[in-house]
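Every number in this text was worked out from the coordinates using simple rules, so none of it is lab data. As the structure is a computational prediction, the values presented were derived from the model and not from experiment. Here the Cβ is made from the backbone with ideal geometry for all residues, glycine too, and neighbour counts use every protein chain on show.
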Amino acid sequence: MFYWGNAVQLTLYTDYSLRVLIFLGAHPDQLVTITEIADSYGISRNHLVKVVHNLATQGFVQTTRGKGGGMRLGKAPEDINLGELVRLTEGGFHLVECLNKTKNTCPITPACALKGFVSEALDAFIAVLDKYTLADVVRNRHQLSSILRLHPVRPTRPARRS
């Protein structure tokens, strides 16, 4: 998470990870390319390459290389927990310096109660996300797929199991 103005936001890495999964969840019967996702969202293809690689490594996405290749979800949408995904992609929630044990230089940490309150708030944030899956997000799949169009539509090839 990072601060943007007065607001706290998830990192772009987490945001893009969620967007990739939403796109794939909205197009379950098609192989999709990184370029198609980048074009639909108006974001950098280069940023998505690393995101997709990580999602594939974690089993969230299956990729097929070569001509006619692409990607699809590696798990059923109901098996992709949002809290788990955010924990994997954020790499640590340090809203205040004292939550980062290796970089904390705040002199009042031993006597300050703020650390506990912020930690409790972060736990509550993740607890809410833990209640939802990608299936909840893409419940309106047809509306999402009409906004996030694929051009041209390519049929899905059966996934190879290894």
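For the reader, a short list of remarks on this structure follows.
- Around the Cα centre of the chain, unit charges on the Cβ atoms of Lys, Arg, Asp and Glu (plus for the first two, minus for the last two) sum to a dipole of about 780 debye.
- Computed 3J(HN,Hα) for the stretch 105-111, one whole-Hz value per residue from the Karplus formula 6.51 cos²θ - 1.76 cosθ + 1.60 where θ = phi - 60°, is 10, 5, x, 9, 3, x, 10, glycine and proline marked x.
- FRET efficiency for the pair Thr57 and Ser119, taken as 1/(1 + (r/R0)^6) with r the Cβ-Cβ distance and R0 = 35 Å, rounds to 0.75.
- Here the convex hull built on the C-alpha positions of the chain has a volume of 142 cubic angstrom per residue.
- Since only Cys98, Ala111, Gly74 are under comparison, the one whose Cα sits farthest along the positive direction of the charge dipole of the chain, derived from C-beta charges on Lys, Arg, Asp and Glu, is Gly74.
- Inter-site label distance for Ala111 and Arg45 at 7 Å from Cα along Cβ, in nm: 5.8 nm
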